[in-house]
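Derivation of every value follows stated rules applied to the coordinates shown; laboratory data play no part. What you see is a predicted model, and the numbers here were worked out from it, not measured in a lab. No Cβ is skipped: glycine too gets one built from the backbone with ideal geometry, and neighbour counts run over all protein chains shown.
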């Protein structure tokens with residue numbers, strides 16, 4: 001799967017509470033400020049790991065608080081494997 005914001009949003013939308021409008025989330029704003037809770041984000045990061053064949057450390061997850069940061073991290077780390 002190609003690493004795009006739309007693909008990241010699609011994966012997140014399957015993992016977070018249905019009340020969160022992932023498709024319209026601002027990619028530069030914190031996912032937590034837009035309604036994603038820590039349990040949902042954990043599920044989403046696991047799904048991203050599985051989809052893209054990468055691993056997020058707990059320190060990575062703490063820093064990756066926007067969809068744009070997550071996309072860039074995946075793109076950088078996927079290409080290095």
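In the chain, Cα pairs under 8 Å separated by at least six residues give a relative contact order of 37 percent. Cα axis of helix 38-52 to longest principal axis of the chain: angle in degrees, 0 to 90, nearest 10? The answer is roughly 30 degrees. Figure legend: label point modelled 7 angstrom from the Cα of residue 75 along Cα→Cβ; residues of region 12-47 with amide N under 14 Å from it are 27-28. Extension gain, residue 5-residue 24: 0.36 nm per intervening residue step, less the Cα-Cα distance, totals 5.7 nm. Between the helical axis of 67-79 and the longest alpha-carbon principal axis of the chain there is an angle of about 20 degrees.
Compute the helix-to-body angle for 5-15: its Cα long axis versus the longest principal axis of the chain, expressed 0 to 90° and rounded to tens. Tilt of helix 5-15: around 60 degrees.
In this rough spin-label picture, where each label sits 7 Å from Cα along the Cβ direction, the residue 17-residue 63 distance is 2.9 nm. Comparing 28, 50, 62 in a Gaussian network model of the chain (Cα springs below 10 Å), the most mobile by mean-square fluctuation is 62.
In a Gaussian network model over the chain where Cα atoms closer than 10 Å are linked, find which of 22, 55, 36 has the largest mean-square fluctuation. Between 22, 55, 36, it is 55 that shows the largest mean-square fluctuation. Rounded if a/c is under 1.5, else prolate if a/b beats b/c, else oblate: with a ≥ b ≥ c from the C-alpha gyration tensor eigenvalues square-rooted, which is region 1-47? The shape class here is oblate. Take the Cα radius of gyration of region 5-79 and divide it by 2.2 N^0.38 Å, N being the number of residues; the result is 0.97.
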